[in-house]
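Some notes on the structure that comes next.
The values are calculated or read from the model by the stated rules, or taken from the named source; none is laboratory data. Predicted, not measured: the structure shown is a model, and the values here were computed from it. Quick reminder, even Gly has a Cβ in these numbers, built from the backbone with ideal geometry, and neighbours come from all protein chains shown.
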Amino acid sequence: MQIEVLKSKIHRVVVTEANLQYVGSITIDEDLMDAANMIANEKVSVVNVNNGERLETYIIKGKRGSGVICMNGPAARLCAPGDVVIIISYATMDFEEAKTFEPRAIFPKEGNRL
């Protein structure tokens, strides 16, 4: 049996930009991606702490060390600069493997820094 489990989480980062005219996605500082074990084009859920919105999109690499969290395309209507969000990715794995799997969660500080 295969199940979907938490793989990675970036907990409570601040949205720095919103670009409604972009094709779509979320841009994340590459340092945050590495720390959370996330990769470009990975599917993520974004939960907005400020307004309760939830959405799914994919990751675009942002400039390393910039602290950027940019909501692109239609997602820019759901998350505004200054909003606090949680970014979550999941993995599908065998039930037995999932019992011992350890997800990676990071808790960035002010300025979305590690």
(request) Just need a number here: residues in the stretch 77-114 that are assigned to a loop (DSSP other than H, G, I, E, B), of a type in the set (Phe, Trp, Tyr) and surrounded by 14 or more Cβ atoms within 10 Å (Cβ to Cβ). (result) 0
(request) May I ask you to verify whether GLU4 is within 30 Å of GLU97 (Cα to Cα), within 14 Å of the chain's Cα centre (by Cα) and loosely packed, with under 15 Cβ neighbours inside 10 Å? (result) no
(request) Count, please, the residues in the stretch 26-47 that happen to be surrounded by fewer than 20 Cβ atoms within 10 Å (Cβ to Cβ) and either among the hydrophobic types (A, V, I, L, M, F, W, C) or at pLDDT below 95 (or both). (result) 4
(request) Would you please name the residue that is nearest to the chain's Cα centre (by Cα), looking only at residues in the stretch 84-103 that are of a type outside the set (A, V, I, L, M) and under 15 Å from GLU42 (Cα atoms)? (result) SER89
(request) Could you run through the stretch 45-73 and say how many residues are more than 15 Å from LYS9 (Cβ to Cβ) and aliphatic (A, V, I, L, M)? (result) 4
